[in-house]
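Visitor: Got a structure for you, written out below as structure tokens; questions coming shortly.
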Amino acid sequence: MDYLLLFTSALLAATLIPAQSEAVLVGLLLNGQGAFWLLIAVATLGNTLGSVINWWLGRYLEHFQDKRWFPVKAASLARAQQWFQRYGWGVLLLSWLPIIGDPLTVVAGVMRMPLLPFVAVVAVVAVVAVAKGGRYGVLGWMVMG
């Protein structure tokens with residue numbers, strides 16, 4: 001159950017939903033509720049899958065840009081697209097950063113980056129997973145340390 005809670009909080013934290021998976025991880029570590037590396041792996045997996053959800057949202061985001069409730073201004077979306085087009089998938093190296101990281105994974109979907117290369121970048125090649133896993137690892141080390 002603790003692993004499911006951590007996975008869910010990490011997944012939500014990687015989406016555009018404001019959530020704090022770090023607090024859940026710290027609580028589990030401090031209370032000795034799970035194996036250190038398994039907790040880190042679960043948090044990393046959840047956070048990486050959250051990035052895939054963002055990609056999927058981005059893929060279908062533009063269909064709604066003419067709606068009044070659409071949360072992104074056309075000019076902001078255009079700037080993000082130009083930025084992604086200029087720097088390519090390499091911008092995903094910054095996806096671990098707070099505030100700008102999660103929107104970058106949405107923009108990858110908007111820019112129609114194919115899913116398999118996206119997954120390769122964020123999971124197999126571990127550009128995002130290593131950064132996010134490293135963040136959890138450092139946090140865990142600081143707590144347990």
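What follows is calculated from the coordinates using simple rules that are stated; it is not laboratory data. Keep in mind that what you see is a predicted model, and the values were worked out from it rather than measured. Glycine gets a Cβ as well: all are built from the backbone with ideal geometry, and neighbour counts include every protein chain shown.
Visitor: How do the peptides 15-25, 106-116, 76-86 rank, highest first, by the average count of neighbouring beta carbon atoms within 10 Å per residue?
Guide: Numbers: 15-25: 16.3, 106-116: 18.1, 76-86: 13.5.
Result, highest mean first: 106-116, 15-25, 76-86.
Visitor: Another question about this same structure. Would you please classify the overall shape of the range 2-144 from the alpha carbon gyration tensor, given that a ≥ b ≥ c denote the square roots of the eigenvalues, rounded means a/c under 1.5, and beyond that prolate means a/b larger than b/c while oblate covers the rest?
Guide: Prolate.
Visitor: Just want the ordering: I53, I99, from fewest to most Cβ atoms lying within 10 Å of their own Cβ. Spell out each step's value before the answer.
Guide: Details: I53 19, I99 6.
Placing the least packed residue first, the sequence is I99, I53.
Visitor: Please get the size of the charge dipole for the range 2-144, origin at its Cα centre, with Cβ charges of +1 on Lys and Arg and -1 on Asp and Glu, quoted in debye to the nearest 20.
Guide: Using Cβ point charges on Lys, Arg, Asp and Glu, the range 2-144 gives about 460 debye.
Visitor: Follow-up. Can you classify the range 72-115 as rounded, prolate or oblate using the Cα gyration tensor, where a ≥ b ≥ c are the square roots of its eigenvalues, rounded means a/c under 1.5, and otherwise it's prolate if a/b beats b/c and oblate if not? Intermediate values should be presented prior to the final figure.
Guide: Numbers: a/c = 1.55, a/b = 1.16, b/c = 1.34.
It is oblate, given that a/c is not under 1.5 and a/b is not larger than b/c.
Visitor: Here's another thing I want to ask about it. With the dipole of the chain worked out from charges on the C-beta (+1 for Lys and Arg, -1 for Asp and Glu) around the Cα centre, which of L104, S51, A19 lies farthest toward the positive end?
Guide: Value: L104.
Visitor: Under a 10 Å cutoff between Cα atoms, tell me which one of G34, G101, G46 has the largest fluctuation in the Gaussian network model of the chain.
Guide: G34
Visitor: Compute the long axis of helix 2-14 from its Cα atoms, compare it with the longest principal axis of the Cα atoms of the chain, and write down the angle in degrees, 0 to 90, nearest 10.
Guide: The helix 2-14 is inclined about 30 degrees to the chain.
Visitor: Something else: Which angle from 0 to 90°, rounded to the nearest 10, does the C-alpha axis of helix 101-110 make with the longest principal axis of the chain?
Guide: The angle comes out near 40 degrees.
Visitor: Round to the nearest 10 and give me the degree value, 0 to 90, for the angle of helix 74-87's Cα axis relative to the longest principal axis of the chain.
Guide: 70
Visitor: Something else: So for the chain, taking the charge dipole from beta-carbon charges (+1 Lys/Arg, -1 Asp/Glu), which of V42, A120, V72 sits furthest toward the positive end?
Guide: My answer, from the dipole projection, is V72.
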